[in-house]
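Read through the structure below, which is laid out as structure tokens, and then see the notes.
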């Protein structure tokens, strides 16, 4: 079964203007995971960590799920797949909310062409959409780390791809989890979802993209792709996956030294929760 996809080619090599913009994080010395004798070599081990907290409405959750499925079978993704030295990637997909609430939707799968891409996309779509309470980005990162150690693949790169629409408000501080991942040579990229106006009831914050840049992502070539309108949802997901599979990152923007200080409070989510509920 093949899917008919009519998206235009969208490989982003620099920061993009408009609602879908790719922003790079500072570079760091790359680390390469050591291969085990029985490992299968792939171009990238990619963990897709998808937010299903209650701040996401059902329409957003549905479009998000469809966006990942459509991205994996798109011609842009399959072209990027061919560009790697091995022509295959290992992918796993899980949904997350609170610190101890993660659900594995797709165990590790190899994608090496149209047929395997179709199979993974179909697996993603067949699982019922769910919602859960709290937002623990740190919990998602901590859940992802042992997934790399437990698989049978050796990726030339190891990447955690996190999508979410709010700051960490549960579990350990997100920077601690991020730093633990970076120490293992794992890259974290982000898809901050900013399609609604910030709301007191949903714990949204202004400039979630800055929060992701300053507090969540990290590692060589890491970047964020903010989503600011619903109609850009699928396009942004496709852009991000294509860049991750192709091993491409946007050019770093020159930033004056005086402007390099953090723009986001990395404990803002915890602070908002404490102020409202005192726990």
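A few comments on the model shown:
- Top-ranked residue in segment 146-160 [being crowded, with 23+ Cβ neighbours inside 10 Å and out of contact with any helix residue (DSSP H, G or I) (no Cβ under 6 Å at 6 or more places or on another chain); ranked as nearest to residue 111 (Cα to Cα)]: 155
- Annotation: residue 172 fulfils all but one of (1) part of a loop (DSSP other than H, G, I, E, B); (2) in contact with a strand residue (DSSP E or B) (Cβ under 6 Å, 6 or more places away or on another chain); (3) modelled with pLDDT of 95 or more; the unmet one is (2).
- Segment 191-204 residues that are on the phi < 0 side of the Ramachandran plot and modelled with pLDDT of 85 or more, paired with ones that are in a loop (DSSP other than H, G, I, E, B) and surrounded by 20 or more Cβ atoms within 10 Å (Cβ to Cβ) (beta carbon under 7 Å, 6 or more apart): 191/225; 192/226; 193/165; 194/226
- When segment 47-71 is filtered for residues that are part of a loop (DSSP other than H, G, I, E, B) and farther than 22 Å from residue 141 by Cβ, only 57 remains.
- Here residue 53 clears all of (1) in contact with a strand residue (DSSP E or B) (Cβ under 6 Å, 6 or more places away or on another chain); (2) in contact (Cβ under 8 Å) with a residue 60 or more places away in the chain; (3) surrounded by 20 or more Cβ atoms within 10 Å (Cβ to Cβ) except the condition numbered (1).
- Test for residue 46: is it under 26 Å from residue 134 (Cα atoms), surrounded by fewer than 14 Cβ atoms within 10 Å (Cβ to Cβ) and at pLDDT 55 or above: no
- Output for segment 71-101, where each listed residue is touching a strand residue (DSSP E or B) at 6+ places or on another chain (Cβ under 6 Å), surrounded by fewer than 23 Cβ atoms within 10 Å (Cβ to Cβ) and over 18 Å from residue 158 (Cβ atoms): 101
- Residue within segment 135-143 that is assigned to a loop (DSSP other than H, G, I, E, B), under 18 Å from the mean Cα position of the chain (by Cα), at pLDDT below 95 and over 26 Å from residue 247 (Cβ atoms) present: yes
- Set 190, 221: member being within 30 Å of residue 39 (Cα to Cα) and touching a helix residue (DSSP H, G or I) at 6+ places or on another chain (Cβ under 8 Å): 190
- Within segment 72-125, the residues that satisfy the criterion of being in a strand (DSSP E or B) and more than 16 Å from residue 43 (Cβ to Cβ) are 93, 94, 95, 96, 102, 103, 104, 105, 106, 107.
- Residue within segment 112-120 that is over 15 Å from the mean Cα position of the chain (by Cα) and closer than 29 Å to residue 273 by Cβ present: no
The values are calculated or read from the model by the stated rules, or taken from the named source; none is laboratory data. All figures in this text were calculated on a predicted structure; none of them were measured in a lab. All Cβ positions, even for glycine, are placed from backbone atoms using ideal geometry, and neighbour counts span all protein chains on display.
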